[in-house]
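The next block holds one structure in the form of structure tokens; read it before the comments.
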Amino acid sequence: MPANLTPEYLAAEASFKAARELPERIEALEEMLRVIPKHKGTDHLRGDLRRKLSELREDQKSAAKRGGARRADPGYVPRQGAGQAVLLGPANVGKSALLAALTRAEPEVAPYPYTTRKPLPGMMQFEDAQIQLVDAPAIEPDVYEPWMNSLVRNANLGLVVLDPAHPGVLGTIDEVQALIGRGRVKLCGAWWALGEGAAPAQEQARAGQDAGRELGDDELLARLDPGDVELPVLVLVNKLDLEQNRAELGVLSELLGPQWPLVPVSAQSGEGLDRLRELCFRALKVIRVYAKPPGKPASTETPIILPLGATVLDMARTIHKELARDLRFARIWSGRHFEGQRAARDAVLHDRDIVEINA
Ligand SMILES: Nc1nc2c(ncn2[C@@H]2O[C@H](COP(=O)(O)OP(=O)(O)OP(=O)(O)O)[C@@H](O)[C@H]2O)c(=O)[nH]1
Ligand SMILES: [Mg+2]
């Protein structure tokens, strides 16, 4: 029997798919079970969700027993800040130069290939938010190491770097896809970062295909396969300070632009880097909110980072479990509201909202 699922369930499922770490996956799955409409049509699916949940809980227990095993994995870089973006591409395209230009990290940058051997993280500032950038070794068939799979699977965003002067530049994205595909990661364009209407027609159709549609059990279960993850990407066309590279930009836009969101940059001159910071932030699908204790000024120095679509209740939960339990209503200050407009627990928050939580 087909199950007509609610937007609430689909949102929880989206968090499940976006979650890479076990605790996050477990939490999202619990939420899916909590909000799934409970009727005959979802019996089968609920059974499977419960089975999956107990599997993941078992995995978590054995991971805890192994204790520290993950630290030995050279591909594991714990996430920090608003999200983690990993630099991907063949040798010499300027991945490390971009990390150096955008963060305080000091990677080795050299005119010969295969300079970078291990992942190296750095924090990139976008306004008052920090985004973690991770430099990685070249993604090429002869040097691809299996631990790269965990690096790529754990990232929230991929930045595929192209050098227009590279003879194989048009095949680079496919080559990266083929290699990381071994880790069951599929690249998808982070079109939403570029704003509404930026995605080509077929992408827009894909994004809207689940809306209001009845999905069969098999289809729903296939979507839950924990093996496959989608990695949203922006494609950086680097070294645009070089005249001959700039001349290639038109051709690249024509041939790759319809399939991938291209971002022209130069690690050397800094061109396009401020826009890139902002695009990364938007690509991560997060918002910044600021907590304001009742009767006191807001603490606007450090934002609380929440997923796009988060509510007042989600924010309270992030601050403190008890605050979420006792939450009665909130007041929100922002460009969209009257000053201090009252908002319900389930009111959806927006980037830069100042929120006073009243218990
Ligand atoms: N002109 C110019 N040169 C650049 C730019 N970015 C990087 N380079 C040069 O390209 C070469 C390779 O840069 P790296 O940052 O080491 O490249 P990589 O992608 O990290 O290479 P591997 O670590 O070997 O995979 C160096 O000589 C850099 O100075 C750029 O924007 N413009
Ligand atoms: Mg490098």
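Kindly list, by first and then second residue, each pair from a residue in the stretch 147-170 that is in contact (Cβ under 8 Å) with a residue 24 or more places away in the chain to a residue that is among the acidic types (Asp, Glu), limited to pairs with Cβ atoms under 8 Å and residues at least 6 apart or on different chains.
Trp147/Asp73; Ser150/Asp73; Asn154/Glu21; Pro164/Glu248; Ala165/Glu248; Gly168/Glu175; Val169/Asp163; Val169/Glu248
Can you name every residue in the stretch 183-205 that is farther than 15 Å from Gln259 by Cβ and in a helix (DSSP H, G or I)?
Of everything in the stretch 183-205, those that are farther than 15 Å from Gln259 by Cβ and in a helix (DSSP H, G or I) turn out to be Gly183, Trp192, Ala193.
Condition first: modelled with pLDDT of 85 or more, in a helix (DSSP H, G or I) and more than 16 Å from ligand 1 (Cβ to nearest atom). Can you find one or more residues in the stretch 61-69 that meet it? Let's see the steps before the verdict.
Within the stretch 61-69, the first condition is being modelled with pLDDT of 85 or more, and the residues that meet it are 61.
Right, trim to in a helix (DSSP H, G or I) and you get 61.
Still in the running and more than 16 Å from ligand 1 (Cβ to nearest atom): 61.
The answer is yes, given that some residue of the stretch 61-69 is modelled with pLDDT of 85 or more, in a helix (DSSP H, G or I) and more than 16 Å from ligand 1 (Cβ to nearest atom).
Suppose we filter Ala129, Ala85, Ala100 for residues that are more than 9 Å from ligand 2 (Cβ to nearest atom), over 21 Å from Val235 (Cβ atoms) and aliphatic (A, V, I, L, M); which single one remains? Can you show your working first?
Details: Ala85 fails: over 21 Å from Val235 (Cβ atoms); Ala100 fails: over 21 Å from Val235 (Cβ atoms).
Selected residue: Ala129, the only one of Ala129, Ala85, Ala100 that is more than 9 Å from ligand 2 (Cβ to nearest atom), over 21 Å from Val235 (Cβ atoms) and aliphatic (A, V, I, L, M).
What number goes with the only condition from (1) more than 12 Å from ligand 1 (Cβ to nearest atom); (2) under 28 Å from Lys17 (Cβ atoms) that Ile139 does not pass?
(1)
Residues that are over 24 Å from Gly83 (Cα atoms) and in contact (Cβ under 8 Å) with a residue 40 or more places away in the chain: list the strands (runs of 3 or more DSSP E) wholly contained in the stretch 293-359 that include at least 3 such residues.
By residue number, 353-358.
How many residues does the stretch 228-282 contain that are of a type in the set (D, E, K, R) and assigned to a loop (DSSP other than H, G, I, E, B)?
Residues that pass the stated criteria total 4.
Go through the stretch 157-172 and give me each residue that's modelled with pLDDT of 95 or more and in a loop (DSSP other than H, G, I, E, B).
The initial filter retains those residues of the stretch 157-172 that are modelled with pLDDT of 95 or more, namely 157-165, 169-172.
Scanning the stretch 157-172 gives Asp163, Pro164, Ala165.
Mind listing whichever residues of the stretch 171-198 are without any contact (Cβ under 8 Å) to a residue 60 or more places away in the chain and in contact with a helix residue (DSSP H, G or I) (Cβ under 6 Å, 6 or more places away or on another chain)?
Once the filter is applied, which keeps residues that are without any contact (Cβ under 8 Å) to a residue 60 or more places away in the chain and in contact with a helix residue (DSSP H, G or I) (Cβ under 6 Å, 6 or more places away or on another chain), the stretch 171-198 yields Gly183, Val185, Leu187.
Conditions tested, residue by residue: (1) under 30 Å from Leu231 (Cβ atoms); (2) outside the structural domain of Ala82 (by TED's automatic domain parsing).
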{"position": "Val265", "(1), (2)": "yes, no"}
{"position": "Ser269", "(1), (2)": "yes, no"}
{"position": "Ile305", "(1), (2)": "yes, yes"}
{"position": "Gly309", "(1), (2)": "yes, yes"}
{"position": "Ala316", "(1), (2)": "no, yes"}
{"position": "Arg328", "(1), (2)": "no, yes"}
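The values are calculated or read from the model by the stated rules, or taken from the named source; none is laboratory data. In this text, all values refer to a predicted model and were calculated from it rather than measured experimentally. Cβ sites come from the backbone with ideal geometry, for glycine too, and all protein chains shown count toward neighbours.
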